[in-house]
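One structure is given below, encoded as structure tokens.
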Amino acid sequence: MNRFAELLDRLSYEPGRNNKLRLITQYFREVPDPDRGYALAALTGTLSFKHAKPGLIRELIAARVDPELFALSYDYVGDLSETVALMWPRTPTSSSIKEPPTPHPSPPLATLAEGGEEVAATPSAPLPPPLQRGGVGGGGPLPDAGQGHNKPPPPTLTEVVTTLATLGKAELPAQLTHWLDELDETGRWALLKLVTGAMRIGVSARLAKTAAAALGDKDAHDVELIWPGLIPPYLDLFAWLEGRADKPANRDAAPFRPVMLAHAIETDDFATLDARDFIAEWKWDGIRVQAVSGRDDDGNIIARLYSRTGEDISKSFPDLLPSFQLPGAIDGELLVLREGRVQSFNVLQQRLNRKSVTPKLMKEFPIHLRAYDLLADNESDLRLLPFVERRTRLESFVAKLDDPRIGLSPVVPFHDWATITAARADPAAFGAGDDAEAVEGVMLKRRDAPYLPGRPKGQWWKWKRDPHIIDAVLMYAQRGHGKRSSYYSDYTFGVWTEGSDGDQLVPVGKAYFGFTDEELIQIDRFVRRNTTEKFGPVRHVVHEPDQGLVLEVAFEGLQRSTRHKSGVAMRFPRISRLRWDKPPREADRLETLERMLKTEKVH
Amino acid sequence: MRPQDLLVPTPAGLCCRLGGFHIDPVRPVERALITHAHSDHARPGHGTVLATQETLDMMRLRYGDNFAGRTQAIRYGETLRLDDVSVSFHPAGHVLGSAQIAMTCNGLRIVASGDYKDAPDPTCEPFEVVPCDVFITEATFGLPVFRHPDAAPEVRKLLDSVRLFPERAHLVGAYSLGKAQRVIALLRTAGYDAPIYLHGAMESITHYYESRGIALGELRLVKDIKKADLAGTITLAPPSATSDIWTRRFPDPLTAFASGWMRIRARARQRGVELPLVISDHADWDGLTATIKATGAGEIWVTHGEEEALVHWCKTQGLAARPLALVGYGEEDESASTGGEDAA
């Protein structure tokens, strides 16, 4: 557990993706089975322990420490698991004893013993006896007991996971207490994060699998493909990655297939392309998914929903799974449909990343799959067929399913590039109708393209609609992380609005990319020379009508927000240009954004 | 005699009228007794300064020869009479030369401990318990969530990281008086014998430590080294420098920070620290409470830090306690050119 805790601890501070990978891979290399397998399960979110709730943790600590000291500490630390981990009282067996550094003239030994008595008697004193210092190492209850002898070893990760899997609710408090007594601060923190399921250390399941794959110089994709057939602690996976065994077969009835991706089209590309070779579809602003179903050995239908990277996201969409009644694999877009109308991404987002999927959530955000490709139909793999043939198979497959939750993504008819240019500019007028607000451009797919994994050249093109652009004024700047830690690279920008005493700037968003390295150096220099105040890591940058820096900000969409003073929040904002030429007074106004909001009909 | 007849908090700092002196005054005074050389405790411009030789030497290094009208050095354990009060200095274990100041008058003894720690430190005299009636304690880490681990495993974390990321430069933020030298000494104890690099602001104090017989191994100034040659090295720098333009001279710098504050995750993240090292020159909660008990004092005055929790704890132990609400300690601007050493 301690080695796992050390990994979580280190990951929680590491901002860089590659460095996170190194740390995780290193862990997998050093730690033997089955611990590392359970670690992989924990990092991929495969484990869940239903009985451990924050309320229980609170009860455990309340019984052990002075409530006022707990309140002051919790207030200071701001995180329950962390507060509990840090202030959990040391028991005689879990605290090491350091000799005081100097001979002390007082108090006599009798006082020491008395102090020890008091500790036991008063819950408000979570302390070792006076002058005996705790540490992370082991130690006995007596000063002359050898380090680490009388102490039971802290639990291994495997012990924790396997015990929790079988433990009843009533036994949990005593078991947790026991472990908390045995672990050090970091170990306790990791244990509490693990059992309450709130890891939040910035590691996705994908990243963890990538790190495991790196152990055998494999691609994350290879792991993803066999993942559905694997179960913790993944002994077969590690054996294969270390070259000790063959690749585990994916005997899964509903396996993921690597997805095909599109290139962004540039204006120049059209000159070399013939419109007659292509089929056009709307590019939906939803979540790309793959819906797969198959029959297991007993003939039962197994259905799964995968993300574009192959993560199994079935659990989040229990309302959609029963619709996949026919064996096959659909490539499509996840959308929220209300009264037959596709809702914007903002609405879909409220359905995503929820810890629990409640009936209310499912009712309020009815989920829908808009299908645009068919990779398998019953037993036959269709991926090598030309797109135009797959499309025909898809149409009859969707018709056969005959389910309101699964619809066909329509083809946009066109005969030349001018037509599709016009359709992209105004989807509503070219057949998208009321769904137009969920359209973020058009897709152009070669009629003869097979379904190829990855991003093959010249087969699929995406042509996104132009982003919205506004001119905003830089208001605050914050330093970045990692390589950017010495640069002011996170910018809060604002637009003008009528205030109580004339025009004032109100913040409307934050952006930390879009600029070149050269531009970053320029902005950094500007920030340093024009700081009016500092609040910790944040600099207040001059923003007056005739003094300041105007940033051209590009963004994909806008939604109302109660969290922002301005009442609006941007989707995917980035700095598209630096307007050194423009005085701040000429930057955009909040009214401009409010008008956009109206035309977007965002909910 | 009541304690407040001997010592009172004033805007200039703790004042002993009977002895005609202030302790660690934040404003210029006639006669100042200074616990240690950190700049929030040791300020220039006093008439006479009484302190340990090390504290005086380091004040001179920082503020120049004219930092005070007159100076007088006092040894640990030596007793001096100042008007009606006898005064003695005792090791505080905080940094080199740091002292607690004991004042005795008419059988009443007050100990002002300044900043202190009871954990081992190879770069200074260990803390000594001074029995007294009133004990004035700091409360920088005066919450039970602050329990500093042993320093050795923290230093091992740093060395493990250097091994795992040999192409990156490791920058360790550390206050330039005390913490930096302690971290270097700990690295040497852990067997690290490669050159250790220093930010220019640490040069003079570090050389002073060496001149007092504290062996720190081979040290080099960063400014003389080419960027590529700093891969895989360890550099000590004032905390403010580790997130400043200065770091651009390093290849893919990894930021560490050696401080008791690093116990709290949010604190480390706010500063963009990737490798927090919980190494503190202040007593942790267990150290504070154990020390308070060991002094045998019946009355505790609590200053700079988390006074509320410590005062509460004292009361649960049947000790009279009050916060002093002194201003001006532990609040030094870290971006001062010398590198702040406000706390930790």
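The values are calculated or read from the model by the stated rules, or taken from the named source; none is laboratory data. Every value quoted in this text rests on a predicted model; they were computed, and no experiment measured them. Here the Cβ positions follow ideal geometry from the backbone for every residue, glycine too, while neighbour counts run over all protein chains shown.
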A:Phe397 vs. criteria of a type in the set (Phe, Trp, Tyr), over 21 Å from A:Val347 (Cα atoms) and outside any loop (DSSP other than H, G, I, E, B): yes
Identity of the residue in the range B:92-109, outside any loop (DSSP other than H, G, I, E, B) and surrounded by fewer than 24 Cβ atoms within 10 Å (Cβ to Cβ), that ends up farthest from the other protein chains (Cβ to nearest Cβ): B:Cys105
Test for B:Pro323: is it at pLDDT below 95 and under 24 Å from B:Thr233 (Cβ atoms): no
Selection status of A:Leu40, among the aliphatic types (A, V, I, L, M) and either in a helix (DSSP H, G or I) or in contact with a strand residue (DSSP E or B) (Cβ under 6 Å, 6 or more places away or on another chain) (or both): yes
Scan of the range A:464-482 for residues that are more than 14 Å from chain B (Cβ to nearest Cβ), charged (D, E, K, R) and within 24 Å of A:Val506 (Cβ to Cβ), ordered by number: A:Asp471
Enumerated strands (runs of 3 or more DSSP E) restricted to the range B:1-85, each holding at least 2 residues that are out of contact with any Ser or Thr (no Cβ under 6 Å at 6 or more places or on another chain) and at pLDDT 95 or above: B:13-16, B:21-23, B:31-33, B:46-51, B:68-73, B:79-82
Pairs, first at positive phi and not assigned by TED's automatic domain parsing to the domain that holds A:Val550 in the range A:503-532, second assigned to a strand (DSSP E or B) and surrounded by fewer than 17 Cβ atoms within 10 Å (Cβ to Cβ), C-beta under 8 Å, six or more apart: none
Test: residue in the range A:529-544 that is more than 30 Å from the chain's Cα centre (by Cα), crowded, with 20+ Cβ neighbours inside 10 Å and part of a loop (DSSP other than H, G, I, E, B): yes
Search result, residues across the range A:335-352 that are without any contact (Cβ under 8 Å) to a residue 12 or more places away in the chain and polar (S, T, N, Q): A:Gln349
Top-ranked residue in the range B:153-195 [being of a type in the set (D, E, K, R) and under 30 Å from B:Leu56 (Cβ atoms); ranked as farthest from the chain's Cα centre (by Cα)]: B:Arg188
The range B:140-152 - residue that is of a type outside the set (Val, Ile, Thr), crowded, with 24+ Cβ neighbours inside 10 Å and within 8 Å of chain A (Cβ to nearest Cβ) and, of those, farthest from the chain's Cα centre (by Cα): B:Pro144
Test: residue in the range B:272-292 that is more than 15 Å from B:Ala139 (Cβ to Cβ), in contact with a Gly (Cβ under 6 Å, 6 or more places away or on another chain), outside any loop (DSSP other than H, G, I, E, B) and hydrophobic (A, V, I, L, M, F, W, C): no
Residue among A:Arg577, A:Arg585 that is at pLDDT 85 or above and touching a Pro at 6+ places or on another chain (Cβ under 7 Å): A:Arg585
Any hit, the range B:295-310, residues being assigned to a helix (DSSP H, G or I), under 19 Å from the mean Cα position of the chain (by Cα) and more than 8 Å from chain A (Cβ to nearest Cβ): yes
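Kindly indicate whether B:Leu221 is modelled with pLDDT of 95 or more, under 25 Å from B:Thr123 (Cβ atoms) and surrounded by fewer than 23 Cβ atoms within 10 Å (Cβ to Cβ). Explain how you work it out, then say what you get.
Details: modelled with pLDDT of 95 or more: yes; under 25 Å from B:Thr123 (Cβ atoms): yes; surrounded by fewer than 23 Cβ atoms within 10 Å (Cβ to Cβ): yes.
Against the criterion (modelled with pLDDT of 95 or more, under 25 Å from B:Thr123 (Cβ atoms) and surrounded by fewer than 23 Cβ atoms within 10 Å (Cβ to Cβ)), B:Leu221 qualifies.
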